Amino acid sequence: MSAVRRCIALGAALSALVAAGGAAAQAPLPKAEYLAANCANCHGTNGKSVGGMASLAGYPKAEFIQAMKDFQSGKREATLMHQISKGYTDAQIEAMAEYFAAQKN
């Protein structure tokens, strides 16, 4: 499956989670590495891109959070990230930001 199709499938899955709401929205925050694993299809394992997409490993926490907020609001253009980003809570985005910031490039 191509990277684009995997990202589309991931976006659809995240949209379904958001639409489900209720109990799913109140579930405990998963470990950051599990959340970050969702990014691996496009951005590489542990955020270390092999090309074609930005590496997230070592990405500054504040910049990651701002980028995700900009994708959510539509301020930053994207093919898929504006959809994918809406599937995360602020706490989940912060957890991923901390995880990626701690990874070595």
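The values are calculated or read from the model by the stated rules, or taken from the named source; none is laboratory data. On a predicted model such as this, the values are computed, not experimentally measured, just so you know. Quick reminder, even Gly has a Cβ in these numbers, built from the backbone with ideal geometry, and neighbours come from all protein chains shown.
Observations on the structure shown:
- Within segment 57-105, the set of residues being surrounded by 15 or more Cβ atoms within 10 Å (Cβ to Cβ), assigned to a loop (DSSP other than H, G, I, E, B) and in contact with a His (Cβ under 8 Å, 6 or more places away or on another chain) comprises Arg76 only.
- Pairs with Cβ under 7 Å, 6+ apart, first in segment 66-86 and in contact (Cβ under 8 Å) with a residue 40 or more places away in the chain, second of a type in the set (A, V, I, L, M) and assigned to a helix (DSSP H, G or I): Leu80/Ile8; Ile84/Leu10; Ile84/Leu14; Lys86/Val18
- Taking the numbered list (1) within 17 Å of Asn105 (Cβ to Cβ); (2) touching a residue at least 40 places away in the same chain (Cβ under 8 Å) in turn, Glu63 passes all entries but (2).
- Meets criteria (at pLDDT 95 or above and of a type outside the set (Gly, Ala, Ser)) for Ile84: no
- Filter result for the condition that a residue is closer than 14 Å to Ile93 by Cα, at pLDDT 70 or above and surrounded by 13 or more Cβ atoms within 10 Å (Cβ to Cβ), over Leu35, Leu14: Leu35
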